[in-house]
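Some notes on the structure that comes next.
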Amino acid sequence: MDILTQDNTSFNNAPIGVFDSGFGGLTVAREIMRALPHESIVYVGDTARCPYGPRDLSEVDGFVQQIGSWLVDRGVKMVVIACNTATAAGLANAQRNLPVPVIGVVEPGARAAAMVTRNRKVGVIATKGTVESNAYSKAIRHIDAGITVFSTATPRFVEIAELGIRMSDGPIESFWSEMSKVYIRPEFEEIARDYLEPLRRCGVDTLVLGCTHYPLLKALIGGVVGREVVLVSSAQEAARDVAEILARRGASACPDREPEHEFFTTGDDVAEFRDFGGRVLGMNMGEVEHLDLP
Ligand code: DGL
(Lines give C-alpha, C1' and ligand atoms only; values in the text may rest on other atoms or scores of the structure.)
Protein backbone atom coordinates (compact mmCIF):
# COMPACT_ATOMS: atom_id res chain seq x y z
CA MET A 1 0.00 0.00 0.00
CA ASP A 2 1.52 3.35 -0.98
CA ILE A 3 1.56 6.34 1.36
CA LEU A 4 -1.27 8.09 -0.43
CA THR A 5 -3.55 5.07 -0.16
CA GLN A 6 -2.50 4.56 3.42
CA ASP A 7 -3.31 8.19 4.24
CA ASN A 8 -6.66 8.00 2.47
CA THR A 9 -7.55 4.81 4.28
CA SER A 10 -6.83 6.25 7.69
CA PHE A 11 -8.71 9.46 6.84
CA ASN A 12 -11.68 7.52 5.43
CA ASN A 13 -11.80 5.34 8.52
CA ALA A 14 -11.71 8.37 10.84
CA PRO A 15 -14.89 8.76 12.89
CA ILE A 16 -17.80 11.15 12.37
CA GLY A 17 -18.25 13.58 15.27
CA VAL A 18 -21.84 13.89 16.51
CA PHE A 19 -22.99 16.02 19.44
CA ASP A 20 -26.03 17.26 21.29
CA SER A 21 -26.90 18.85 24.60
CA GLY A 22 -27.54 15.36 26.00
CA PHE A 23 -28.74 12.00 24.74
CA GLY A 24 -31.37 13.39 22.30
CA GLY A 25 -28.81 13.50 19.48
CA LEU A 26 -28.44 9.74 19.79
CA THR A 27 -31.69 9.61 17.75
CA VAL A 28 -29.58 11.05 14.91
CA ALA A 29 -26.52 8.88 15.68
CA ARG A 30 -28.79 5.84 15.53
CA GLU A 31 -29.93 6.70 12.00
CA ILE A 32 -26.32 7.33 10.90
CA MET A 33 -25.33 3.91 12.28
CA ARG A 34 -28.22 2.30 10.41
CA ALA A 35 -27.53 4.06 7.11
CA LEU A 36 -23.72 3.76 7.33
CA PRO A 37 -22.90 0.62 9.30
CA HIS A 38 -19.15 0.87 8.61
CA GLU A 39 -18.72 4.40 9.93
CA SER A 40 -17.40 5.03 13.44
CA ILE A 41 -18.92 7.75 15.59
CA VAL A 42 -17.52 9.89 18.40
CA TYR A 43 -20.55 11.15 20.31
CA VAL A 44 -20.55 13.98 22.84
CA GLY A 45 -23.59 14.60 25.05
CA ASP A 46 -23.15 17.94 26.79
CA THR A 47 -25.35 16.82 29.67
CA ALA A 48 -23.69 19.17 32.16
CA ARG A 49 -25.06 22.20 30.28
CA CYS A 50 -28.38 20.65 29.16
CA PRO A 51 -30.92 22.03 28.35
CA TYR A 52 -29.68 24.34 25.60
CA GLY A 53 -33.25 25.34 24.65
CA PRO A 54 -33.81 28.15 27.19
CA ARG A 55 -30.28 29.60 26.87
CA ASP A 56 -29.17 32.62 24.91
CA LEU A 57 -28.26 31.63 21.34
CA SER A 58 -24.86 33.37 21.62
CA GLU A 59 -24.01 31.22 24.64
CA VAL A 60 -25.04 28.05 22.78
CA ASP A 61 -22.97 29.21 19.80
CA GLY A 62 -19.93 29.22 22.12
CA PHE A 63 -20.68 25.62 23.17
CA VAL A 64 -20.97 24.57 19.52
CA GLN A 65 -17.57 26.02 18.59
CA GLN A 66 -15.96 24.50 21.68
CA ILE A 67 -17.31 20.97 21.14
CA GLY A 68 -16.72 21.17 17.37
CA SER A 69 -13.05 22.06 17.96
CA TRP A 70 -12.69 19.27 20.51
CA LEU A 71 -14.07 16.77 17.98
CA VAL A 72 -11.72 18.04 15.25
CA ASP A 73 -8.75 17.69 17.64
CA ARG A 74 -9.88 14.12 18.16
CA GLY A 75 -9.53 13.50 14.43
CA VAL A 76 -13.12 13.39 13.12
CA LYS A 77 -13.63 13.71 9.36
CA MET A 78 -16.94 15.53 9.66
CA VAL A 79 -19.17 17.03 12.35
CA VAL A 80 -22.91 16.58 12.77
CA ILE A 81 -24.62 19.06 15.10
CA ALA A 82 -27.37 16.69 16.23
CA CYS A 83 -29.31 19.32 18.14
CA ASN A 84 -31.74 21.80 16.63
CA THR A 85 -31.03 24.55 19.15
CA ALA A 86 -27.28 24.19 18.64
CA THR A 87 -27.76 24.14 14.86
CA ALA A 88 -29.81 27.34 14.98
CA ALA A 89 -27.21 28.96 17.24
CA GLY A 90 -23.89 27.81 15.84
CA LEU A 91 -24.00 26.04 12.46
CA ALA A 92 -22.91 29.04 10.37
CA ASN A 93 -19.92 29.83 12.62
CA ALA A 94 -18.92 26.17 12.84
CA GLN A 95 -18.97 25.87 9.05
CA ARG A 96 -16.75 28.95 8.84
CA ASN A 97 -14.35 27.90 11.62
CA LEU A 98 -13.89 24.14 11.41
CA PRO A 99 -11.65 22.52 8.81
CA VAL A 100 -14.07 19.60 8.14
CA PRO A 101 -17.61 19.54 6.69
CA VAL A 102 -20.27 20.44 9.26
CA ILE A 103 -23.99 19.80 8.97
CA GLY A 104 -26.88 20.51 11.31
CA VAL A 105 -30.35 19.05 11.62
CA VAL A 106 -32.57 22.01 10.69
CA GLU A 107 -32.02 22.00 6.94
CA PRO A 108 -32.60 18.21 6.59
CA GLY A 109 -35.82 18.46 8.63
CA ALA A 110 -37.01 21.45 6.63
CA ARG A 111 -36.34 19.61 3.37
CA ALA A 112 -38.22 16.53 4.54
CA ALA A 113 -41.23 18.68 5.55
CA ALA A 114 -41.28 20.58 2.25
CA MET A 115 -41.26 17.25 0.39
CA VAL A 116 -44.07 15.74 2.45
CA THR A 117 -46.64 18.55 2.76
CA ARG A 118 -49.56 18.52 0.35
CA ASN A 119 -51.57 21.51 1.61
CA ARG A 120 -48.40 23.57 2.23
CA LYS A 121 -49.25 24.19 5.87
CA VAL A 122 -46.41 22.97 8.06
CA GLY A 123 -46.23 23.04 11.86
CA VAL A 124 -42.91 23.14 13.72
CA ILE A 125 -42.47 22.28 17.39
CA ALA A 126 -39.11 22.92 19.00
CA THR A 127 -37.35 24.49 21.96
CA LYS A 128 -37.75 28.20 22.73
CA GLY A 129 -34.27 28.92 21.31
CA THR A 130 -34.98 27.17 18.01
CA VAL A 131 -38.41 28.77 17.56
CA GLU A 132 -37.15 32.25 18.40
CA SER A 133 -34.28 31.89 15.92
CA ASN A 134 -36.84 31.31 13.12
CA ALA A 135 -34.37 28.80 11.69
CA TYR A 136 -37.06 26.35 10.53
CA SER A 137 -39.39 28.98 9.04
CA LYS A 138 -36.48 30.44 7.07
CA ALA A 139 -35.21 27.03 5.93
CA ILE A 140 -38.65 25.77 4.87
CA ARG A 141 -39.60 28.99 3.10
CA HIS A 142 -36.21 29.04 1.39
CA ILE A 143 -37.16 25.73 -0.23
CA ASP A 144 -40.77 26.74 -0.98
CA ALA A 145 -41.85 30.31 -0.24
CA GLY A 146 -45.48 29.23 -0.70
CA ILE A 147 -45.46 27.12 2.46
CA THR A 148 -47.02 28.67 5.56
CA VAL A 149 -45.12 27.70 8.71
CA PHE A 150 -46.74 27.67 12.15
CA SER A 151 -44.15 27.36 14.94
CA THR A 152 -44.68 26.69 18.64
CA ALA A 153 -42.14 26.33 21.43
CA THR A 154 -42.83 23.12 23.36
CA PRO A 155 -40.07 23.09 25.97
CA ARG A 156 -41.83 20.72 28.37
CA PHE A 157 -41.63 17.94 25.77
CA VAL A 158 -37.88 17.69 26.55
CA GLU A 159 -38.73 17.12 30.21
CA ILE A 160 -41.46 14.60 29.30
CA ALA A 161 -39.15 12.64 26.98
CA GLU A 162 -36.61 12.32 29.80
CA LEU A 163 -39.26 11.45 32.40
CA GLY A 164 -40.62 8.66 30.18
CA ILE A 165 -37.18 7.12 29.83
CA ARG A 166 -36.75 7.25 33.61
CA MET A 167 -40.17 5.72 34.24
CA SER A 168 -40.02 2.89 31.76
CA ASP A 169 -37.58 0.17 30.98
CA GLY A 170 -39.48 -1.24 28.04
CA PRO A 171 -37.85 -2.29 24.79
CA ILE A 172 -36.44 0.59 22.82
CA GLU A 173 -38.62 0.19 19.73
CA SER A 174 -41.66 0.99 21.85
CA PHE A 175 -40.36 4.54 22.44
CA TRP A 176 -40.20 5.23 18.73
CA SER A 177 -43.37 3.58 17.54
CA GLU A 178 -46.56 5.56 16.94
CA MET A 179 -48.25 2.73 18.86
CA SER A 180 -46.03 3.13 21.94
CA LYS A 181 -47.81 3.37 25.28
CA VAL A 182 -44.82 4.72 27.24
CA TYR A 183 -45.92 8.36 27.03
CA ILE A 184 -49.68 7.84 26.98
CA ARG A 185 -50.46 9.22 30.43
CA PRO A 186 -53.18 11.79 31.26
CA GLU A 187 -50.72 14.38 32.62
CA PHE A 188 -48.59 14.22 29.46
CA GLU A 189 -51.63 14.26 27.19
CA GLU A 190 -52.92 17.42 28.84
CA ILE A 191 -49.63 19.24 28.23
CA ALA A 192 -49.53 17.93 24.65
CA ARG A 193 -53.09 19.13 23.99
CA ASP A 194 -52.29 22.62 25.31
CA TYR A 195 -49.29 22.86 23.01
CA LEU A 196 -50.67 21.17 19.91
CA GLU A 197 -54.37 21.96 19.71
CA PRO A 198 -53.71 25.42 18.14
CA LEU A 199 -51.51 23.82 15.48
CA ARG A 200 -54.17 21.21 14.74
CA ARG A 201 -56.72 23.99 14.31
CA CYS A 202 -54.42 25.70 11.77
CA GLY A 203 -54.88 22.63 9.56
CA VAL A 204 -51.23 21.62 9.23
CA ASP A 205 -50.79 18.34 7.36
CA THR A 206 -47.12 18.01 8.37
CA LEU A 207 -45.49 18.54 11.74
CA VAL A 208 -41.73 18.89 12.14
CA LEU A 209 -40.40 17.39 15.36
CA GLY A 210 -37.77 20.13 15.61
CA CYS A 211 -35.95 18.82 18.67
CA THR A 212 -33.94 15.64 18.84
CA HIS A 213 -35.85 14.43 21.91
CA TYR A 214 -39.23 14.55 20.20
CA PRO A 215 -39.08 11.42 18.00
CA LEU A 216 -39.47 9.51 21.29
CA LEU A 217 -42.88 11.19 21.72
CA LYS A 218 -44.35 10.23 18.34
CA ALA A 219 -47.24 8.29 19.87
CA LEU A 220 -48.19 11.10 22.26
CA ILE A 221 -47.90 13.86 19.63
CA GLY A 222 -49.60 11.84 16.87
CA GLY A 223 -52.48 11.06 19.22
CA VAL A 224 -53.20 14.77 19.67
CA VAL A 225 -52.64 16.17 16.18
CA GLY A 226 -54.31 13.21 14.46
CA ARG A 227 -52.79 10.29 12.59
CA GLU A 228 -53.35 11.99 9.24
CA VAL A 229 -50.72 14.61 10.12
CA VAL A 230 -47.28 13.40 9.00
CA LEU A 231 -44.63 13.67 11.73
CA VAL A 232 -41.25 14.56 10.28
CA SER A 233 -37.96 14.27 12.14
CA SER A 234 -34.54 15.25 10.86
CA ALA A 235 -32.69 12.12 11.86
CA GLN A 236 -33.09 10.02 8.71
CA GLU A 237 -32.68 12.96 6.36
CA ALA A 238 -29.54 14.09 8.23
CA ALA A 239 -28.10 10.56 7.95
CA ARG A 240 -28.74 10.70 4.19
CA ASP A 241 -26.84 14.01 4.02
CA VAL A 242 -23.89 12.49 5.87
CA ALA A 243 -23.81 9.57 3.41
CA GLU A 244 -23.98 11.90 0.42
CA ILE A 245 -21.25 14.26 1.65
CA LEU A 246 -18.86 11.40 2.46
CA ALA A 247 -19.55 9.69 -0.88
CA ARG A 248 -19.08 12.93 -2.81
CA ARG A 249 -15.73 13.54 -1.08
CA GLY A 250 -14.58 9.95 -1.48
CA ALA A 251 -14.35 9.84 2.32
CA SER A 252 -16.56 6.85 3.19
CA ALA A 253 -15.14 4.20 5.51
CA CYS A 254 -13.85 0.96 3.95
CA PRO A 255 -16.74 -1.50 3.49
CA ASP A 256 -14.90 -4.23 5.43
CA ARG A 257 -14.43 -1.93 8.42
CA GLU A 258 -15.83 -2.77 11.85
CA PRO A 259 -17.02 0.52 13.36
CA GLU A 260 -15.61 1.68 16.70
CA HIS A 261 -17.95 4.07 18.48
CA GLU A 262 -16.94 6.25 21.41
CA PHE A 263 -19.34 8.02 23.75
CA PHE A 264 -18.64 10.97 26.03
CA THR A 265 -20.81 12.90 28.45
CA THR A 266 -19.91 16.15 30.17
CA GLY A 267 -22.28 15.19 33.00
CA ASP A 268 -21.18 13.55 36.25
CA ASP A 269 -23.63 10.66 36.04
CA VAL A 270 -21.92 8.53 33.42
CA ALA A 271 -23.93 5.44 34.40
CA GLU A 272 -27.26 7.20 33.82
CA PHE A 273 -26.12 8.51 30.44
CA ARG A 274 -25.07 5.00 29.49
CA ASP A 275 -28.43 3.59 30.58
CA PHE A 276 -30.61 6.25 28.88
CA GLY A 277 -28.39 6.39 25.83
CA GLY A 278 -28.43 2.64 25.38
CA ARG A 279 -32.22 2.72 25.36
CA VAL A 280 -32.39 5.51 22.80
CA LEU A 281 -29.78 3.81 20.61
CA GLY A 282 -31.23 0.35 21.09
CA MET A 283 -27.81 -1.13 21.82
CA ASN A 284 -25.31 -1.42 24.60
CA MET A 285 -23.08 1.65 24.46
CA GLY A 286 -20.11 -0.11 26.02
CA GLU A 287 -17.83 2.26 27.86
CA VAL A 288 -18.94 5.90 28.28
CA GLU A 289 -16.30 8.41 29.32
CA HIS A 290 -16.68 11.62 31.27
CA LEU A 291 -15.50 14.68 29.36
CA ASP A 292 -14.48 17.86 31.17
CA LEU A 293 -15.10 21.00 29.16
CA PRO A 294 -14.01 24.28 30.73
N1 DGL B 1 -31.55 18.51 21.80
C2 DGL B 1 -32.11 19.84 21.86
C3 DGL B 1 -32.68 20.23 20.49
O4 DGL B 1 -32.71 19.46 19.59
C5 DGL B 1 -33.19 19.94 22.88
C6 DGL B 1 -32.79 19.75 24.31
C7 DGL B 1 -32.23 21.01 24.96
O8 DGL B 1 -32.97 21.99 25.20
O9 DGL B 1 -31.04 21.00 25.22
O10 DGL B 1 -33.10 21.35 20.30
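The values are calculated or read from the model by the stated rules, or taken from the named source; none is laboratory data. These numbers were taken from a predicted model, which means no experiment stands behind them. A quick note on method: Cβ atoms are made from the backbone with ideal geometry, for glycine too, and the neighbour counts reach across all protein chains shown.
Summary table below
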read-out: Any hit, segment 185-206, residues being under 16 Å from Ala161 (Cα atoms) and touching an Asp or Glu at 6+ places or on another chain (Cβ under 7 Å); value: no
read-out: Residue among Glu262, Glu287 that is within 22 Å of the chain's Cα centre (by Cα), surrounded by fewer than 18 Cβ atoms within 10 Å (Cβ to Cβ) and at pLDDT 95 or above; value: Glu262
read-out: Residues being part of a helix (DSSP H, G or I) and within 14 Å of the ligand (Cβ to nearest atom) - total across segment 212-237; value: 6
read-out: Selection count, segment 10-56, where residues are small (Gly, Ala, Ser) and under 12 Å from the mean Cα position of the chain (by Cα); value: 6
read-out: Answer residue from segment 99-131, given it is within 9 Å of the ligand (Cβ to nearest atom) and buried (at least 21 other Cβ atoms within 10 Å of the Cβ) and is farthest from Ala29 (Cα to Cα) among those; value: Gly129
read-out: Tally, over segment 40-66, of residues that are within 18 Å of Thr27 (Cβ to Cβ) and of a type in the set (Val, Ile, Thr); value: 4
read-out: Top-ranked residue of segment 67-98 - restricted to ones that are free of Cβ contacts under 8 Å to residues at least 60 places away in the same chain and of a type in the set (Gly, Ala, Ser), ranked as farthest from the ligand (Cβ to nearest atom); value: Ser69
read-out: Qualifying positions in segment 31-40 - crowded, with 22+ Cβ neighbours inside 10 Å and outside any helix (DSSP H, G or I); value: Glu39
read-out: Any hit, segment 203-211, residues being closer than 26 Å to Ala89 by Cβ, at pLDDT 95 or above and more than 16 Å from the ligand (Cβ to nearest atom); value: yes
read-out: Selection within segment 266-276 - modelled with pLDDT under 90 and touching a Gly at 6+ places or on another chain (Cβ under 8 Å); value: none
